[in-house]
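Peer 1: Please see the structure below; I have some questions.
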Amino acid sequence: MEDFTNLILLPENLPEVDSKSFNKLDRKYLKIILIRIAIFFLLVGGILIAFLLLSEGIPTKLVAISGGSAIIIITLFSLVIAVLGFPRKGYLVREKDISFQRGIITYKLTSVPFNRIQHVEVNQGVMAKLLKLSSVKIYTAGGSMSDLSIPGLPVTDAQKLKAFLSEKISEHE
């Protein structure tokens with residue numbers, strides 16, 4: 001029987017995760033993000049215009065200026081965050097886990113050990129299909145809060161990643 005040990009690890013002895021070693025998402029995925037922002041802008045702008053056309057007795061000039069300004073500011077903010085944040089998104093496969101990083105205002109790094117993965121699937125939305133991109137969704141034993149989704153992968157890379165992770169899952173069963 002093996003003796004139980006539980007040694008103390010000091011912060012300076014912990015392994016570092018170098019953000020430069022992360023695999024970047026395909027640049028075509030940025031197009032999908034920008035199209036989603038444009039659709040949001042058109043939808044909300046259309047709702048504002050419809051409201052202004054159908055409203056009676058409401059000071060429409062004030063509503064148009066304030067509502068239009070808010071929509072433009074939110075859209076521009078979303079565009080800036082999307083463009084500046086895109087290069088910071090990436091994934092990393094190591095020998096015992098897979099990690100995904102994102103964020104410009106708030107940074108988030110999610111790592112999932114292979115032995116916690118329950119199921120892996122490849123998804124393709126309409127726009128992703130047109131651009132030949134996929135996302136890999138990783139379901140874990142910890143519930144939906146610990147699930148991981150990696151978007152913006154070329155279809156072949158997504159299929160290879162799914163096959164690799166499926167093999168790792170079978171090793172831990």
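Each reported figure results from applying straightforward, stated rules to the coordinates on display, with no laboratory input. Please read these numbers as outputs of a predicted model, since none were measured by experiment. Positions of Cβ are backbone-derived with ideal geometry, glycine not excepted, and every protein chain shown enters the neighbour counts.
Peer 1: Gln159 - would you say it is touching a residue at least 12 places away in the same chain (Cβ under 8 Å), loosely packed, with under 13 Cβ neighbours inside 10 Å and more than 27 Å from Phe77 (Cα to Cα)?
Peer 2: Answer is no for this residue.
Residue-by-condition table, conditions (1) more than 17 Å from Leu34 (Cβ to Cβ); (2) among the aromatic types (Phe, Trp, Tyr); (3) within 14 Å of the chain's Cα centre (by Cα):
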position: Gly68; (1), (2), (3): yes, no, no
position: Val83; (1), (2), (3): no, no, yes
position: Arg94; (1), (2), (3): yes, no, no
position: Arg102; (1), (2), (3): no, no, yes
position: Lys108; (1), (2), (3): yes, no, yes
position: Val126; (1), (2), (3): no, no, no
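Peer 1: In addition: Taking the conditions exactly as written (more than 28 Å from Gly142 (Cβ to Cβ) and surrounded by 14 or more Cβ atoms within 10 Å (Cβ to Cβ)), does Thr110 satisfy them or not?
Peer 2: When the stated conditions are applied, Thr110 does not pass them.
Peer 1: Same structure again: Of the conditions (1) surrounded by 15 or more Cβ atoms within 10 Å (Cβ to Cβ); (2) on the phi < 0 side of the Ramachandran plot; (3) out of contact with any Pro (no Cβ under 7 Å at 6 or more places or on another chain); (4) not in a loop (DSSP other than H, G, I, E, B), Gly152 fails just one. Which one is it?
Peer 2: All conditions are met except number (2).
Peer 1: Out of (1) within 27 Å of Glu16 (Cα to Cα); (2) in contact (Cβ under 8 Å) with a residue 60 or more places away in the chain, what's the single condition that is false for Glu167?
Peer 2: Going through (1) within 27 Å of Glu16 (Cα to Cα); (2) in contact (Cβ under 8 Å) with a residue 60 or more places away in the chain one by one, Glu167 breaks only (2).
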